[in-house]
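Notes for the one structure printed next.
The values are calculated or read from the model by the stated rules, or taken from the named source; none is laboratory data. Given the structure is predicted, the values throughout are model-derived calculations rather than measurements. Glycine also receives a Cβ, built like all others from the backbone with ideal geometry; neighbour counts cover every protein chain displayed. Remember, those area values only see protein heavy atoms, side chains included, never the ligands or the DNA or RNA. Shrake-Rupley method; radii C 1.70, N 1.55, O 1.52, S 1.80 Å.
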Amino acid sequence: MNPETIRRRRWYILGVLTFSLLVVVLDNTILNVALKTIADPQEGLGATQSQLEWAINSYTLVFAGLLFTFGVIGDRLGRKRVLVAGMVMFGLASLLSAYSQSPEQLIGARALMGLGGAAIMPQTLSIITNVFDPQERGRAIGIWSGAVGLAIGVGPITGGLLLAHFWWGSVFLINVPVIAVGAVLIALLVPESRNPTPGRLDPVGVLLSIVGLVTLSYGIIQGGERGAWLEFGVLGPIAAGLAVLALFARHEARSDHPALDVRLFRDPRLSAAVAAIALCFFAAAGMFFFAGFYLQSVRGLSAFQSGAMLLPFAVAQILFSTRSAAMVHRFGAKAVCATGLLLVAAALASYPLLGIGTGTPLWVLGAVFFVQGAGMANVMPPATESVMSALPRERAGAGSALNNTARQVAVAMGVAVLGSVLASIYRGELAGRLAALPPGARTVAAESIEGAHAVAERLGAAGQGLIGPANAAFTEAMRTAAGAAAVIAFLGALVVLKWMPGRNAHREPERAERAERGTGRGTGREKARGRRAAARERSRV
């Protein structure tokens with residue numbers, strides 16, 4: 001495909017890529033509202049709490065562990081080729097998930113979905129980076145980020161609609177036609193791109209990245225599942241994962257053909273942006289996971305109604321993500337990103353400050369979700385653009401994978417760490433009521449708010465006195481976890497204000513890239529400055 005054709009089709013290409021990305025993000029948020037149904041022995045698979053967690057975590061583990069690897073593979077073999085292969089894998093695994101006959105089969109099928117998702121996610125962003133010039137790239141990444149936010153908000157209501165009319169497997173089966181359409185459009189419209197000078201393979205680095213990320217993610221997930229972080233089964237994998245990642249960084253720093261040049265982290269455009277993405281999603285991800293249980297179990301909303309409550313978040317994403325590039329141009333990435341993180345912190349701090357509980361008006365929650373969506377919409381686009389602009393175009397796959405790996409590991413950490421905080425406080429608040437229950441029922445009620453409601457229903461009239469205290473304990477725990485998340489988001493804002501470059505930092509790389517690509521834009525003096533900037537960039541890297 002010649003450059004003129006690519007330029008003429010660039011917005012159609014962006015539409016196809018965001019459409020393809022939707023299914024990956026949508027799947028996780030759809031699954032959250034289906035957990036209750038899958039746990040039902042009659043309507044679902046009768047999955048236990050642990051099996052439900054692994055239905056989520058098997059996907060996360062594979063996805064986070066292989067994101068970086070597939071980014072590097074796409075740079076070498078061709079991003080379009082790897083993207084289509086990932087779409088096919090994701091579609092087949094969705095089909096297997098939909099017709100799983102046991103929780104174990106569902107966990108295995110979800111792991112295969114993680115494999116396909118890891119191949120899809122980094123290619124979409126790296127293709128966008130190669131298709132769009134620097135002047136339009138920020139806007140394109142804003143739309144891409146908006147699609148992620150839209151899927152987060154629309155997923156639950158889509159899941160609620162499906163569960164209201166079909167069986168639980170429909171939340172996975174819906175992926176198949178979307179994947180089929182997306183794969184055909186990719187084949188017709190998306191250009192192939194790869195690193196023209198990939199150099200030698202770095203199998204040791206790739207292997208170390210996989211082992212390190214998978215082991216670290218496993219340890220974090222175990223900590224959240226057990227509710228205890230000082231056990232060998234938790235600290236061992238976390239320490240081993242960090243040690244392997246440290247070895248990976250040392251190996252990459254000494255290699256003359258690294259999969260990821262870790263020296264690039266000296267560039268604050270990349271390091272501060274990655275930190276901002278990680279801290280933002282660490283703070284926000286756990287609260288989204290708990291919001292579903294709060295809305296359905298504590299407030300008694302249906303799956304569809306709880307999904308509809310997240311629409312303000314999706315609306316905010318659409319409104320603000322597409323405008324972030326203009327805001328960055330006017331105020332600079334540092335100001336926009338820091339403001340976004342402060343908005344996220346304010347939204348999370350409102351849980352304890354407003355005393356959100358069992359009787360809080362639903363419109364207040366809608367307003368909180370809107371503010372959180374607006375904040376995240378002003379963090380992701382400028383931070384992502386900052387990461388991508390710090391890397392040459394031919395390494396876009398590795399940059400995209402780095403961006404998404406930081407986000408995915410942060411999501412796993414957020415759910416696990418904040419989940420542990422919530423579970424610990426919930427058990428402490430409910431301890432007095434649990435003592436009066438039979439031993440078996442006591443364990444189930446202490447596990448989760450869903451368990452407490454199940455015990456109350458099983459005990460009949462004698463168990464009705466458990467529901468109110470369990471709801472109160474859960475909301476108190478949720479407020480505390482939200483307060484901790486708000487502190488994390490605030491620390492992210494401080495990191496951005498301290499280390500992210502100011503408002504003019506993006507202009508020199510743009511000039512350099514225009515000069516390198518020979519676009520002919522700008523004055524002769526600007527071109528000369530661009531060539532000098534490009535030379536400095538090459539010598540630095």
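Laid out as a table, the results:
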| item | result |
| --- | --- |
| Breaking point among (1) modelled with pLDDT of 85 or more; (2) surrounded by 24 or more Cβ atoms within 10 Å (Cβ to Cβ), for Gly307 | (1) |
| Among residues of region 326-342, those that are out of contact with any His (no Cβ under 9 Å at 6 or more places or on another chain) and open to solvent by less than 30 Å² (accessible area, probe 1.4 Å), counted | 5 |
| Those residues of region 259-284 which are at pLDDT below 75 and within 18 Å of the chain's Cα centre (by Cα), in sequence order | none |
| Filter result for the condition that a residue is open to solvent by less than 30 Å² (accessible area, probe 1.4 Å) and either at negative phi or in contact (Cβ under 8 Å) with a residue 24 or more places away in the chain (or both), over Leu264, Leu242, Leu235 | Leu264 |
| Pair list, Cβ < 8 Å and 6+ apart or interchain, from region 13-24 residues that are closer than 12 Å to Met87 by Cβ to residues that are among the aromatic types (Phe, Trp, Tyr) | Leu17/Trp144; Leu21/Trp144; Val23/Phe90; Val24/Phe90 |
| Any hit, region 150-170, residues being open to solvent by less than 10 Å² (accessible area, probe 1.4 Å), touching a helix residue (DSSP H, G or I) at 6+ places or on another chain (Cβ under 9 Å), touching a residue at least 60 places away in the same chain (Cβ under 8 Å) and of a type in the set (A, V, I, L, M) | yes |
| So Leu437, is it surrounded by 18 or more Cβ atoms within 10 Å (Cβ to Cβ), modelled with pLDDT under 75 and among the hydrophobic types (A, V, I, L, M, F, W, C) | yes |
| Any chance Leu230 is more than 22 Å from the chain's Cα centre (by Cα), exposed (fewer than 14 other Cβ atoms within 10 Å of the Cβ) and either outside any helix (DSSP H, G or I) or at pLDDT 85 or above (or both) | yes |
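Let's see how each residue does on (1) open to solvent by 30 Å² or more (accessible area, probe 1.4 Å); (2) touching a residue at least 60 places away in the same chain (Cβ under 8 Å):
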position: Arg9; (1), (2): yes, yes
position: Gln42; (1), (2): yes, no
position: Ser58; (1), (2): no, no
position: Gly86; (1), (2): no, no
position: Leu92; (1), (2): yes, no
position: Glu104; (1), (2): yes, no
position: Arg110; (1), (2): no, no
position: Leu115; (1), (2): yes, no
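Per-residue answers, yes or no, for (1) in a helix (DSSP H, G or I); (2) touching a Phe, Trp or Tyr at 6+ places or on another chain (Cβ under 6 Å); (3) open to solvent by 60 Å² or more (accessible area, probe 1.4 Å):
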site: Val344; (1), (2), (3): yes, no, no
site: Leu348; (1), (2), (3): yes, no, no
site: Tyr351; (1), (2), (3): yes, no, no
site: Gly355; (1), (2), (3): no, no, no
site: Gly366; (1), (2), (3): yes, no, no
site: Ala374; (1), (2), (3): yes, yes, no
site: Ala383; (1), (2), (3): yes, no, no
site: Ser386; (1), (2), (3): yes, no, no
